[in-house]
Each structure stands twice: as structure tokens, then as C-alpha cells.
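Trainee: Take a look at the following structure, please.
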Amino acid sequence: MSITVKTVPTKPFDGQKPGTSGLRKSVKVYQQPSYTENFIQATLSAAVGASLKGSTLVVGGDGRYFGKEATDLIIKMCAANGVSKLLIGQNGIFSTPAVSCIIRKYKTNGGIILTASHNPGGPDGDFGIKYNISNGGPAPESVTDAIFKYTTTIKEYLICPDLKADISKLGTQTFKVGGNTFTVEIMDPVADYVAYMKEIFNFSSIKSHVSGPDGQRLNILINSMHGVMGPYAKKVFVEELGCPASSMVNAVPLPDFGGHHPDPNLTYAADLVNDLKKGHHGFGAAFDGDGDRNMILGHNAFFVTPNDSLAVIANNLECIPYFQKNGVKGYARSMPTAGAVDRVAKAKGMECFEVPTGWKFFGNLMDAGRLSLCGEESFGTGSNHIREKDGLWAVLAWLSILAHTKKSVEQTLVDHWKQYGRNFFTRYDYENCDSSPANKMMSDLNSLVADPSLVGKVYSSGNKSYKVAKADNFNYTDPIDKSVSKNQGIRIIFDDDSRIIFRLSGTGSSGATIRLYIEGYESDESKYLMSAQDVLKPLIDIALKISHLVELTGRTAPTVIT
Ligand code: G1P
Ligand code: ZN
């Protein structure tokens, strides 16, 4: 019997404007009648667009609250809109890297990811719907703009209210809709992804390093923060690599992430930091809600900044089979990310790109064969194996390096700094500020850097002085499609390569989040083990003075320091 397609009249909602990471709002917003339906319809009509009829899409998310309801709506609306097939993770679960992997492996038209990444979940938390295109990466601005435009004029959406698919049951379910067959395939969320990791890395080498005999083994601890990564981590580390079950912490995905921010940084992943401080483990890692971010720690909670993590991986790629086979084409980092990887690129005679914040900017370079490895200071690391950052990939890259060199995490870093010098880095986040003072601060800074007389000016704090060499609001021209992205962050660069950067977050769901990034380069070996906060204090003071951040926002301290 054919299932009926219903056309439901609707009206536009304000502000359904997806950004880099999709449309991220509080669950309460998504629960308004027709809100989610409108956005799904806009995504299908504007993003999948002309290829919608007969298309195949991937659907999955990080298991957060409202995910199952949204998955159910997507199934009913895809059926009504003429989609031919959906590949859905069992119970609506896929990590973000897994969606990217599945889109590419099965050559689908795209995929819909249900996540608000590292933001809290639960009835009072956040939700998000994000569209990835056929290369497996986040939709570019042209596509998100088209989705937004559609939401502003939407008059109706299509749905099959009577279609009932069982997303808990692995296998294929078919339905007759308007004379066509609509197929829902419920997939094991981890199988394809893990199979891919086994192609990329040498699992037997990692296995002998992390589950060898007592006394020789590297004890690892993986904290999945009750996000989507628990099942992936168990499969890889316990089943494949032979680590004890006790090395998996917070590995059961929860719809509210246990009430925490599922964000792997020193503040929100304090559990991992405290566990590692006990000294029983030589390696620790945490992932965010949807599994694209990672934090790496060594023995006694030795912190590897994501900037250094990228540079160390860049320096050692040849021990990973994927790169032995495919070669290394180039490196990239986002603009606020410290320039440690640039030094590796220079030494290896490799191209190195500086792109705006957000993973989507790496995709074009990868598709054009110019980029193999990239990362962001915000705990994102990845390669051209997919088109999203990939937390578990980064951990396996690190373990491959440690298995190859037999060094500790700390020794790896110290040796790296001896070779290249150290790019000290810190990031201050001021979350949930009032928007108007935050905007004023940015516009004042914009005027400041637009004034040519800033170049040459000397700022001092304590016994340190810094002379401005360059100041601007970062503009980027994509080397491949020549598209221009303007005003991507205020940069004040000093003549010793130190940098002060200000940006407003583009991913928050309420208020304004100010991000202040500070970088200072040091080639004096005696300073390598100093704390970044101590080394960078003069620059932090100067940044606060220049921006009037405290006076304008009333914030005397950041919410998170990394
Ligand atoms: C943040 C990070 C950025 C990352 C994005 C998505 O964006 O800073 O590096 O790509 O989340 O994970 P922001 O909130 O700063 O715009
Ligand atoms: Zn994420």
C-alpha cells in the first residue's frame, strides 16, 4: 500500500540562518511547532536541491536529546520529498567523522548531521542540524545561504505522517511512496568507520604498544564525555587494540552528556586531567559530543596544545601507512592556530595554508589535492581521509607516532621544540557576553587596525616590549575557487612573530562569545617547559589594555582558558 504524502502549510521563522556548523539553537527553539520541519524542508529543497528526487542521504547524530524525534521527522520528510534512500546509523547515531566517511564511501548526495557538537545537551541544552555535501564536508556558504533564503519564504513542507521506520533495527526497510520505493537502511554506526581506520593505520603496531606486557606497555585512558564516541572507542581500543575495559571512561552516550559540556578542553574535561595527574597512564584523550574534537594529554596530565599536536603529527606522518601510500601534499591551519606547523612545513619544503576558522575552508584544498593534514587550535585535527576533523583519527595518529618512536608524550614535545622552537599559545573565551558591548569592542578594534599609524607602535608590559609589524582584519581568498571571506578576525602581529587575535564565535547559540588568542614564539631552550600563562602574560595584559575588554564587557576573567 502506498503511503500518503501530505503538504502542510507553514510560515517562516526568524533567524533560521545556518553557519559553519549548521543551525545551532536551544532544544526549546527546535521544539516549537513546525520549526524543525521548516528547516528540514529548506535543507532538502535548497541544499540537496535539483538532485533531491532519487537522492541518497546519510542521517545520524551524536545521540543528544531530540535526536530521535528529528531523525523520525527527517525520514518522514525525505520520503515525502522523493528521496530514494537514507543510510541511517542505528538509533540515529553516527559521529560527525563517521557521517563524512559514509558519504564518501557510498558516494551519497550528502548527509544530515544532528548535533550541536561540544555544546551541552538535554531538554535545556542545544540541538543542531547540519548539512554536509557530497565530498563529505560541511556545506559551503553558498549552500547555507541558499538554505537560509529558503527559510525566509517557506510556505509549506512535505511529510508522510504515517510512515513508520524502526531505527533500532539493523537492515533494510522499504516503503512505497507515491509510486516510488523509499528505502531506509539502518547501519551499524561504527563498522565502516572502524574498517577505514584499520586501512589508514597499522593497528598491530599500535596494539603491541598499548596492550603489550606489564611494564612495557603504554597505559592509555580515553574519556568519551558521554558523547557519541563511547561505542567507537570501545570497538577500537578494547576490541581491536586489546586495552582493558577500564581504560574507557564515560563511554556510555547520554542524551544530556551527564549534564556536562562535552568539550575536550582543560576546563570541561577536568576529569581526564585529574585522572592523568594520578600518574598511572602515559597517554590520555577526550572527545567532544560528536567526536570531531580531541584533547591529548601525556603522563601526569602533560598538556599537548592542539597547535603542537598538529605540528608533531605533521613532523611524523611518514610512520602512518595512509601517508606512505598517498604521499603528503601540504599542511594547513586556521588563522588563530599557532604557527608551529608552519615551521615543520618550511623544514620539509611543503605548502602550508592559513585559512579562516571553520573546517569548511580546508575542503577545497583537499579536493584539489593540495592538502593532507590540517588543524585548528580549538581541538580539531584531521586529514584528507575525510572532510571533517576527526578526534579518533588524531588519537590513532598520536599512538602510531608513539609506537614508532617509543618516546613518551612529553619527550616527543620536548624534542619537537628542540628542533623547531616553541610557539607558546593560549586562548581566552568569554562565553555568553551581551552582544552589544562585544560588538562595540570588535568595531573599536576594527578601527584601530584600520589606522596605518598602528604599525610601528610599541606596547610594553612588565619588562617586555612589542613593536607592531602588521595589523588587520583577516581576509581570505580561497586559492582554489577564489571566493573571498572578509573580516575573519582582528590580528595584531608584532615584529617577533607574536600575535594577538580577537574574534567573535560563530557557533554559539546565545549571546556573544569573545575569543582572544595569544601566541608568542620562543627559541630559548631553558624556557620550553615554562607555563604558557607565565610566558604570555605581558601579551595578555597588552591585549586586554588595547581592547578595553574588561571595561566594555564587565568580565574580569574568561570563562575558559586553554
Ligand atoms: C569554533 C572553533 C572553530 C571550529 C568550530 C566548529 O568556532 O573556534 O575552530 O571550527 O567551533 O567546531 P567559533 O565558535 O570560534 O566560531
Ligand atoms: Zn564537534
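Rule-based calculations on the coordinates, nothing more; no lab input. Please read all numbers here as calculations on a predicted model, not as lab measurements. We place every Cβ from the backbone using ideal geometry, glycine too, and count neighbours over all the protein chains shown.
Trainee: Report the local net charge at GLY330: Lys and Arg +1, Asp and Glu -1, summed over other residues whose C-beta lies under 13 Å from its C-beta.
Mentor: Spelling it out: positives minus negatives among the neighbours equals +1.
Trainee: Under unit Cβ charges (Lys, Arg +1; Asp, Glu -1), what dipole magnitude, rounded to 20 debye, does the chain have relative to its Cα centre?
Mentor: 820
Trainee: What percent do you get for the relative contact order of the chain when only Cα pairs under 8 Å and 6+ apart count?
Mentor: Values: 1281 pairs, mean separation 72.9, N = 562.
Here the relative contact order equals 13 percent.
Trainee: Can you list which of the trypsin sites (Lys or Arg not before Pro) found in the range 235-341 are DSSP loop residues with at most 16 other C-beta atoms within 10 Å?
Mentor: On the way: sites: LYS235, LYS277, LYS278, ARG293, LYS325, LYS329, ARG333; in loops: LYS278, LYS329.
In loop regions of the range 235-341 (DSSP not H, G, I, E or B), the sparsely surrounded trypsin sites (Lys or Arg not before Pro) are LYS278.
Trainee: Just check the chain against the gyration tensor rule for me: Cα atoms, a ≥ b ≥ c as the square roots of the eigenvalues, rounded for a/c under 1.5, and otherwise prolate or oblate depending on whether a/b exceeds b/c. Please report the intermediate quantities before stating the final value.
Mentor: Numbers: a/c = 1.85, a/b = 1.30, b/c = 1.43.
Oblate is the answer for the chain, as a/c is 1.5 or above yet b/c matches or exceeds a/b.
Trainee: Defining a contact as two alpha carbons under 8 Å apart and six or more residues distant in sequence, what relative contact order in percent does the range 227-279 show?
Mentor: Relative contact order comes out at 33 percent.
Trainee: Most exposed first by the Cβ proxy, i.e. fewest other Cβ within 10 Å, how do MET229, MET441 rank? Before the final figure, lay out the partial values.
Mentor: Numbers: MET229 37, MET441 23.
So the ranking, lowest neighbour count to highest, is MET441, MET229.
Trainee: May I have the extent of the alpha carbons of the range 291-449 along their three principal axes, as whole Å values ordered from largest to smallest?
Mentor: Sorted largest first, the three principal extents are 51, 41, 30 Å.
Trainee: Let's see if you can work this out: charge +1 on each Lys and Arg Cβ, -1 on each Asp and Glu Cβ, no other charges. What is the dipole magnitude of the range 133-226 about its Cα centre, in debye to the nearest 20? Don't skip to the answer; put the middle values down first.
Mentor: On the way: 8 positive and 10 negative charges, 21 e Å.
I would put it at about 100 debye.
Trainee: From the residues PHE287, MET248, THR381, which one has its Cα farthest along the dipole of the chain in the positive direction, the dipole being from +1 and -1 charges on Cβ of Lys/Arg and Asp/Glu about the Cα centre?
Mentor: Working it through, the farthest residue towards the positive pole turns out to be THR381.
Trainee: Here's something else I'd like to know. Excluding residues fewer than 8 places away in the same chain, name every one of the lysines whose C-alpha is closer than 16 Å to that of LYS105.
Mentor: Candidates past the 8-residue exclusion: LYS85, LYS198.
Trainee: Now for a separate question. Please give the calculated 222 nm ellipticity per residue for the chain, where each DSSP H segment of at least 4 residues contributes -39500 (n - 2.57) and the sum is spread over every residue; nearest 500 deg cm²/dmol?
Mentor: Using -39500 (n - 2.57) per qualifying helix, the result is -9000 deg cm²/dmol.
Trainee: Counting other Cβ atoms within 10 Å, keep those with at most 16, restrict to DSSP loop, and tell me which trypsin sites (Lys or Arg not before Pro) in the range 460-513 are left. It would help to have the intermediate numbers written out before the result.
Mentor: Working: sites: LYS464, LYS467, LYS470, LYS482, LYS486, ARG491, ARG499, ARG503; in loops: LYS482, LYS486.
Those satisfying the criteria are LYS482, LYS486.
Trainee: Taking other Cβ within 10 Å of each residue's Cβ, how do SER117, SER461 sort, fewest first? Please report the intermediate quantities before stating the final value.
Mentor: On the way: SER117 24, SER461 16.
By the 10 Å Cβ count, ascending: SER461, SER117.
Trainee: Would you order ASP192, ASP126, ASP415 from fewest to most other beta-carbon atoms within 10 Å of each residue's own beta-carbon?
Mentor: ASP415, ASP192, ASP126
Trainee: If I take the Cα coordinates of the range 131-273 and project them onto the principal axes, what are the three extents in Å, biggest first?
Mentor: Over the range 131-273, Cα extents along the principal axes are 66, 36, 29 Å.
Trainee: Sticking with this structure for a sec: State the extension gain, in nm to one decimal, for the chain segment bounded by HIS404 and LYS278, taking 0.36 nm per residue of separation less the distance between their alpha-carbons.
Mentor: 42.8 nm
Trainee: Where the only charges are on Cβ atoms (+1 Lys, Arg; -1 Asp, Glu), what is the dipole of the range 342-460 about its Cα centre, to the nearest 20 debye? It would help to have the intermediate numbers written out before the result.
Mentor: Values: 14 positive and 15 negative charges, 116 e Å.
Roughly 560 debye, rounded to the nearest 20.
Trainee: Go through SER211, HIS260, VAL535 and say which Cα lies farthest out towards the positive end of the charge dipole of the chain; charges sit on Cβ, +1 for Lys and Arg, -1 for Asp and Glu.
Mentor: SER211
Trainee: Once you have a ≥ b ≥ c as the square roots of the Cα gyration tensor eigenvalues for the range 353-440, tell me rounded if a/c is under 1.5, and otherwise prolate or oblate according to whether a/b is larger than b/c.
Mentor: Oblate, since a/c reaches 1.5 and b/c is not below a/b.
Trainee: Report, by chain and number, residues whose modeled amide H sits under 5 Å from the one on GLY19, excluding near sequence neighbours (fewer than 5 apart, same chain).
Mentor: ARG24
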